[in-house]
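*Asks:* Following this message is one structure expressed as structure tokens.
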2 protein chains.
Amino acid sequence: MGSGHGAAGKLKYQRIAEELRSAIEAGEYEPGDRLPGENDLMTLHGVARMTVRQALSVLRSEGIVEARKGAGVFVRAFRPLRRRGIQRLASERWAAGRSVWSADVDDRRELVVDGVQVTQEEAHERIATVLGVEPGAPVWARRRRYLLDGKPVMSAASHFPAGLVAGTAVLLPDPGPGGVYARLAEAGHAPAHFREELRTRMPSAGEADELRLPSGTPVILITRTAFTADGTVVEVNDMVLDAASYILEYEFDA
Amino acid sequence: MGSGHGAAGKLKYQRIAEELRSAIEAGEYEPGDRLPGENDLMTLHGVARMTVRQALSVLRSEGIVEARKGAGVFVRAFRPLRRRGIQRLASERWAAGRSVWSADVDDRRELVVDGVQVTQEEAHERIATVLGVEPGAPVWARRRRYLLDGKPVMSAASHFPAGLVAGTAVLLPDPGPGGVYARLAEAGHAPAHFREELRTRMPSAGEADELRLPSGTPVILITRTAFTADGTVVEVNDMVLDAASYILEYEFDA
DNA sequence: CAAGCCAAGTTCTCTAGACAGGTAAAGTGC
DNA sequence: GCACTTTACCTGTCTAGAGAACTTGGCTTG
């Protein structure tokens, strides 16, 4: 039963990949450890270099190892942040069931904002539709990147209708305590409702080097739309997350 | 500016990949179309076959093309389903801001359940912690797969504490109208609160062939924990989603 | 002792081929 | 016209080797 797939793998490169993979899972190699080099694996298994490389490329595209040119192939670690979609987590009573991947999470580390850029732009197609304005209408864009231990883990671009935010502190590099939502509220446009849409795919070349992603790491695309109480859209926030750095959490009632 | 990466790409395989990628983005090749074969690209660019293959492997791992042995390399389509985390979407008033990727979504197609298996098992470590029972304690597992147009797009495994569901319709292959949650409610364990935790990574070999994923497709792992009003955990549902088949949506109030 | 250089070791790129195995269309026979 | 076979084409696997690019640690030099 089960058929297998896990079992043998008749192909040479699959057998080599399988052997390394199970060695890693067994803990023979820990995160950060270096695997045997291509030359070692060649002589060890008696195969050509390209065959060894194909085996390693399997593991790389599975995201469990990472090659550093000139140095070797290393086992990757998975130490994600937890991102809570719904902040008001006052519900102490749900504490009974523990979080699923809690063991992996290290919440003591902190995110720092990297390079804030606030610019006025013309709304392109997609932003215009979501924001409910004409394509080409003036919007303000607020772009920034978040670093964790110096490594970028997310880049984000918020868009606001120009009329709503002109002259407000929303457009300052540092919007102050409470962030842009607090400033929007002061301007009479308090967000009352949010929609987040998520999808996942492999990164484009540009995304990969902006987040410094090794190959084998997907990205998560989140678009958050913020509505005021009367249904006006006040912000569209496009985020690109390093999938290996995040666990997302949403809580809601039946 | 922005430096480039998009620009040249001095390496041969990068240039070939770049050329094909931009041809696809320009619409020269539409979803389902066949790209020039390896032999064509060899003579066209005057390079060895392995070089062409490396170029194509870039596009494959980006998830934008898919190779079928003996047939050729084809441009992949992206036609996801929309999965709403919070069902009570009565909020007509938010309709102003349109959904972000709505153009891609085709909601007329329908999911069908594939192979339901209900078995009694001993809770292993992770399930036990979340469910709040001892490891090895009896639990009921309900596994199934969802197909869209015959293609598997999700596999799911729900776990219930044995004491709560023994003898109820929760364990029937077809739990009837309203699904297992309706049956849980009838048994006096109505779910009142949910937590969903998401993460994303490249699939293992087993996941890849259960969902028949071409390489370059990540999976989304969702664990939903269902709580009753008094905080008891009644279900832990582990889902594995084909990332190319889903857009996830969560709505909530400030 | 510090700074810079150098060499060994490593992965990455690329070549030129050979055979295996799957696909799909053309052709053949009934 | 239908079913079957053949055949051309295509991607997958693998070999053997060479040079480029990069990292690291040891060595030399000031």
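*Asks:* Just to verify a number: FRET efficiency for B:GLU19 and A:GLU110, C-beta to C-beta distance, R0 = 25 Å, to 0.05?
*Replies:* Numbers: r = 43 Å, r/R0 = 1.71.
Rounded to the nearest 0.05, the efficiency is 0.05.
*Asks:* Follow-up. Calculate how many DSSP beta bridges within segment B:81-249 are antiparallel, expressed in % of all such bridges and rounded to the nearest 5.
*Replies:* Working: 44 of 48 bridges.
Here the antiparallel bridges make up roughly 90 percent for segment B:81-249.
*Asks:* Express as a percent, rounded to the nearest 5, the fraction of DSSP beta bridges in the protein assembly as shown (both residues included) that run antiparallel.
*Replies:* Working: 110 of 118 bridges.
About 95 percent, rounded to the nearest 5.
*Asks:* While we're here: Suppose every Lys and Arg Cβ carries +1 and every Asp and Glu Cβ carries -1, with no other charges. What dipole size does chain B come out with about its Cα centre, to the nearest 20 debye? Please report the intermediate quantities before stating the final value.
*Replies:* Values: 32 positive and 35 negative charges, 129 e Å.
Around 620 debye, computed over chain B.
*Asks:* Report the Cα centroid-to-centroid distance between segment A:127-154 and segment A:35-60 in angstrom, as an integer.
*Replies:* Segment A:127-154 and segment A:35-60 have Cα centres separated by 43 Å.
*Asks:* Can I ask one more? Determine the sum of side-chain charges near B:VAL180: Lys and Arg each +1, Asp and Glu each -1, restricted to other residues whose C-beta is under 13 angstrom from that of B:VAL180.
*Replies:* Numbers: positive: B:ARG142, B:ARG143, B:ARG144, B:ARG183, B:ARG224; negative: B:ASP174, B:GLU186, B:GLU235.
Here the count lands on +2.
*Asks:* Looking only at other chains, what is the average number of their beta-carbon atoms within 10 angstrom of each beta-carbon in B:220-227? Let's see the in-between values first.
*Replies:* Values: counts 7, 3, 3, 5, 2, 7, 2, 8.
Counting other chains' Cβ atoms within 10 Å and averaging over B:220-227 gives 5.
*Asks:* Remind me, relative contact order of segment A:115-254 in percent, using alpha carbon pairs under 8 angstrom and six or more residues apart?
*Replies:* Values: 263 pairs, mean separation 31.3, N = 140.
Once normalised by length, the contact order is 22 percent.
*Asks:* Determine the shielding of peptide A:140-150 by partner chains: average, over its residues, the number of Cβ atoms on other chains within 10 angstrom of each Cβ. Before the final figure, lay out each step's value.
*Replies:* Numbers: counts 0, 0, 0, 0, 0, 0, 0, 0, 0, 0, 0.
What the average comes to for A:140-150 is 0.
*Asks:* Using a Gaussian network model of chain B with C-alpha springs under 10 Å, which one of B:THR51, B:THR223, B:THR43 is most mobile by mean-square fluctuation?
*Replies:* B:THR43
*Asks:* Show me, for segment B:68-76, the HN-Hα J-couplings you get by feeding each phi into the Karplus relation (A = 6.51, B = -1.76, C = 1.60, θ = phi - 60°), rounded to Hz, glycine and proline as x.
*Replies:* Karplus values, whole Hz, x for Gly and Pro: 10, 4, x, 10, x, 10, 10, 6, 8.
*Asks:* Mind telling me which of B:LEU111, B:LEU171, B:LEU44 comes out most flexible in a GNM of chain B, alpha-carbon contacts under 10 Å?
*Replies:* B:LEU44
*Asks:* Based on the alpha-carbon gyration tensor of segment B:118-200, what equivalent-ellipsoid semi-axes (square roots of 5 times the eigenvalues) come out, in whole Å, largest first?
*Replies:* Details: eigenvalues 87, 64, 37 Å².
Output for segment B:118-200: semi-axes of 21, 18, 14 Å.
*Asks:* Hey, what did chain A get for relative contact order, percent, Cα under 8 Å, at least 6 apart? Intermediate results must be reported in sequence, preceding the final value.
*Replies:* Details: 406 pairs, mean separation 43.5, N = 254.
The normalised contact order for chain A reaches 17 percent.
*Asks:* Average partner chain C-beta neighbours within 10 Å, per residue of B:234-244? Provide the component values of the computation, followed by the final result.
*Replies:* Details: counts 1, 1, 2, 0, 1, 0, 0, 1, 1, 8, 4.
Mean number of neighbouring Cβ atoms from other chains: 2.
*Asks:* Residues with beta-carbon under 9 Å from that of B:VAL219, excluding B:VAL219: net charge, scoring Lys, Arg +1 and Asp, Glu -1?
*Replies:* Combined, the nearby Lys, Arg, Asp and Glu give -1.
*Asks:* Classify the protein assembly as shown as rounded, prolate or oblate from the Cα gyration tensor: take a ≥ b ≥ c as the square roots of its eigenvalues, call it rounded if a/c is under 1.5, otherwise prolate when a/b beats b/c and oblate if not.
*Replies:* On the way: a/c = 1.61, a/b = 1.09, b/c = 1.48.
Here the protein assembly as shown falls in the oblate category.
*Asks:* Could you give me the ³J(HN,Hα) list for segment A:226-237, computed from phi with Karplus coefficients 6.51, -1.76, 1.60 and θ = phi - 60°, whole Hz, x at Gly and Pro?
*Replies:* 10, 10, 7, 4, 8, x, 6, 7, 10, 7, 10, 10
*Asks:* Can you show me the helix-derived [θ] at 222 nm for chain A, built from DSSP H runs with n ≥ 4 at -39,500 (n - 2.57) apiece and divided by the number of residues, rounded to the nearest 500. Display every interim value, and only then the final one.
*Replies:* Details: 7 runs with 60 residues, N = 254.
Here the helix-only value at 222 nm equals -6500 deg cm²/dmol.
*Asks:* Out of every Cα pair in chain A, what percent are spaced more than 22 Å from each other?
*Replies:* Distances greater than 22 Å cover 65 percent of the Cα pairs.
*Asks:* Moving on. Kirkwood hydrodynamic radius (Cα pairs, Å) of segment B:12-75? Write out the running numbers ahead of the final one.
*Replies:* Values: mean 1/r = 0.0867 Å⁻¹.
Computed over Cα pairs of segment B:12-75, the Kirkwood hydrodynamic radius comes out at 11.5 Å.
*Asks:* Say the dipole of chain B comes from +1 at the beta carbon of Lys and Arg and -1 at that of Asp and Glu; which of B:SER22, B:HIS45, B:VAL118 then lies farthest toward its positive end?
*Replies:* About the Cα centre, the residue reaching furthest to the positive side is B:HIS45.
Coordinate-derived values only; no laboratory data. Here the structure is a predicted model, which is why all the values come from computation and not from measurement. Here the Cβ is made from the backbone with ideal geometry for all residues, glycine too, and neighbour counts use every protein chain on show.
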